[in-house]
Amino acid sequence: MGTTAYIVLLAIGLAVGGGVGFYIRNNQKKQEEMKAEEEKQRILRDADAKVRELLFEAKNEAWKIQEDAKKEERERRTKLQAVEERLVKKEDALDQRLDGAEKLKEELEGKINSVKQLKLEVQAIYEQQKGQLEEVAKLSKDEARQLLLKKVEEESKDEIVAYVKKLEVQLREEADGKAKHIIADAIQKYAAETAVESTATIVALPNDEMKGRIIGREGRNINTFEEITGVDVIVDDTPGSIIISGFDLVRRYIAKIALERLVEDGRIHPARIEEMVTRVKEEVNTLIKELGEKAAVETGVVGLPMNLIKILGRLKFRVSYGQNVLKHSMEVAFLAAHMATELKADANICRKAGLLHDIGKAVDHEIQGRHALIGRDILKKFGITPEVIHCVEAHEGDVEAESLEAKIVQAANLISVARPGANRENLDNFLKRLDEIENVADSFDGVKKSYAIQAGREVRIFVDPEKVDDLQAIKLSHEIAKKIENDLRYPGQVKVEVIRERRTEIFAE
């Protein structure tokens, strides 16, 4: 019984304690809610105050901006008014100037019309006077001019002849002295050998029995040799030698060296011939390159393409009028460079053009045409400068020389060709040139007879004194010299001498 009561009391105590706890918790919750509400109200009051403050500041800022805008607008209006006033003033000034210009234009037009009218009147008076003069003189204006010139020429003929001769002598002396000085100085700086080379290719044999071995059984050795080298081998009755013939001098050189080695070796048969020719071709190709490089180095020409240097080296095996063309080209390069230095021209252009001026002769046996024009086309392919190309194409007169450098290269080429011992021209060409010079001189009116002397360096022309006076003789010499320059090709210079003489004959009886 006591236990039950205790449990009951415990349960009642727990129930009362739970109720009291609930009341306390509920009461605390209400207090917290009241505090939260108060805090909320306080935050709302603060926010409201802050908003009112921000609105006040925004209104103040907007008012300031509005005031600044009004102030700026007033300033702009003031400036625009000032600009408008200036524009109005300028417009008024322009109107005034335009009115003045219109008046000036009217005045000028009036003066121009007056001048035109006056010019017409003067022209009419001039034509009237001219007609009256022509009517009185019975001559036209051109006829009067010709008559006056003829009269002056007749009256002053002796003075004109003397003056022209004096000027010619003076200019010739000055030009000859300067030219001799430049040429002599250039030649002194480059002393070239004057040996003339032969174009014949002869191979010496130890005995005549070797000819049979070269020919071979049924001619198989000589046929193989000619087929591989591209030359003709002439075996005749000449003792101890055979002749190699061909247009390509490089092939002739290869054939000569190969044949000499075959003769020295003694083993002559088709296989050995082919082997020897192939070996010599390789050696010659290397030699050609070395010769071209050596020529370029010795003349001071740099920057040439390797293939062009090889073509240059081929000139070593080219002979023209007895001159080795490579040596001749090097000589022209030296002479042209020295003369260019004296004449204040471009020495580098003259040096390069002098070395390359005969480059066309390396292939002129393969390509039809003048070697100067062939050389021009070769240099264009290798990108050589136009100044050098012009010197090359003009060095023989195929193209008119337009630059000082081109004329210098022409002169250097003529000096090299015409120097003693350098040129071995055949008799037929020599006589042909003399005939051409005499025919040119004989083609002019008043010429009785002409004679080319001094190996074609001088032509003496005898004129009819009844048809040609002294002044006309001077004119005739210039005309003949000009025609020789334009129509003929010749080394050096040709002196034209016109001789006018009168002979009086009478018989004593």
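The values are calculated or read from the model by the stated rules, or taken from the named source; none is laboratory data. Just so you know, these numbers come straight off a predicted model, no measurement behind them. We place every Cβ from the backbone using ideal geometry, glycine too, and count neighbours over all the protein chains shown.
Which condition number does E260 fail, the rest of (1) out of contact with any Pro (no Cβ under 8 Å at 6 or more places or on another chain); (2) at pLDDT below 80; (3) of a type in the set (D, E) being met?
(2)
Looking at (1) in a helix (DSSP H, G or I); (2) farther than 20 Å from Y253 by Cα, which is the one condition that is false for E283?
(2)
Where residues in segment 236-286 are over 20 Å from V319 (Cα atoms) and of a type in the set (S, T, Y), which of them is surrounded by the fewest Cβ atoms within 10 Å (Cβ to Cβ)?
Looking at the filtered set, the residue picked out is T286.
Looking at segment 261-280, which of its residues are assigned to a helix (DSSP H, G or I) and not aliphatic (A, V, I, L, M)?
Listed by number, the residues that qualify are R261, E264, D265, P270, R272, E274, E275, T278, R279.
Could you check T286 against (1) touching a residue at least 12 places away in the same chain (Cβ under 8 Å); (2) under 30 Å from L262 (Cα atoms); (3) polar (S, T, N, Q) and say which number it fails?
Status for T286: all satisfied but (1).
Would you tally the residues in segment 389-398 being more than 15 Å from the chain's Cα centre (by Cα) and surrounded by 17 or more Cβ atoms within 10 Å (Cβ to Cβ)?
Summing the residues that are more than 15 Å from the chain's Cα centre (by Cα) and surrounded by 17 or more Cβ atoms within 10 Å (Cβ to Cβ) in segment 389-398 gives 2.
Table: residues versus (1) modelled with pLDDT of 80 or more; (2) touching a Cys at 6+ places or on another chain (Cβ under 6 Å).
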site: V392; (1), (2): yes, no
site: E402; (1), (2): yes, no
site: E405; (1), (2): yes, yes
site: N423; (1), (2): no, no
site: V463; (1), (2): yes, no
site: K467; (1), (2): yes, no
site: R500; (1), (2): yes, no
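One line per residue, one yes/no per condition, for (1) surrounded by fewer than 24 Cβ atoms within 10 Å (Cβ to Cβ); (2) in the same structural domain as I288 (by TED's automatic domain parsing); (3) modelled with pLDDT under 90:
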residue	(1), (2), (3)
S320	yes, yes, yes
Q323	no, yes, yes
H328	no, yes, yes
A333	no, yes, no
M339	no, yes, yes
A345	yes, yes, yes
C350	no, yes, no
G354	no, yes, no
G360	no, yes, yes
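Looking for whichever is among the basic types (K, R) and at pLDDT below 85 here; the options are K448, K483, K432. Which one fits?
K432
Could you check segment 302-354 and list, in sequence order, the residues that are basic (K, R) and under 21 Å from L249 (Cα atoms)?
Result: K310, R314, K316, R318, K327.
Out of all the residues in segment 343-360, which are more than 20 Å from M306 (Cβ to Cβ), in contact (Cβ under 8 Å) with a residue 40 or more places away in the chain and over 17 Å from the mean Cα position of the chain (by Cα)?
Scanning segment 343-360 gives a single hit, L343.
Go through (1) within 18 Å of G292 (Cα to Cα); (2) in a helix (DSSP H, G or I); (3) in contact (Cβ under 8 Å) with a residue 24 or more places away in the chain for A340 and report which single condition fails.
Of the numbered conditions (1) within 18 Å of G292 (Cα to Cα); (2) in a helix (DSSP H, G or I); (3) in contact (Cβ under 8 Å) with a residue 24 or more places away in the chain, the odd one out for A340 is (1).
Quick one: N307 ticks every box in (1) under 21 Å from the mean Cα position of the chain (by Cα); (2) at pLDDT 90 or above except a single one, so which number is it?
(1)
Hey, N307 hits all of (1) part of a helix (DSSP H, G or I); (2) buried (at least 16 other Cβ atoms within 10 Å of the Cβ) but one; which does it fall short on?
(2)
I374 fails exactly one of the following numbered conditions: (1) at pLDDT 80 or above; (2) surrounded by fewer than 17 Cβ atoms within 10 Å (Cβ to Cβ); (3) closer than 27 Å to M306 by Cβ. What is the number of that condition?
(2)
With the structure loaded, tell me whether V297 is surrounded by fewer than 17 Cβ atoms within 10 Å (Cβ to Cβ) and part of a helix (DSSP H, G or I) or whether it fails that test.
So V297 fits the description; yes.
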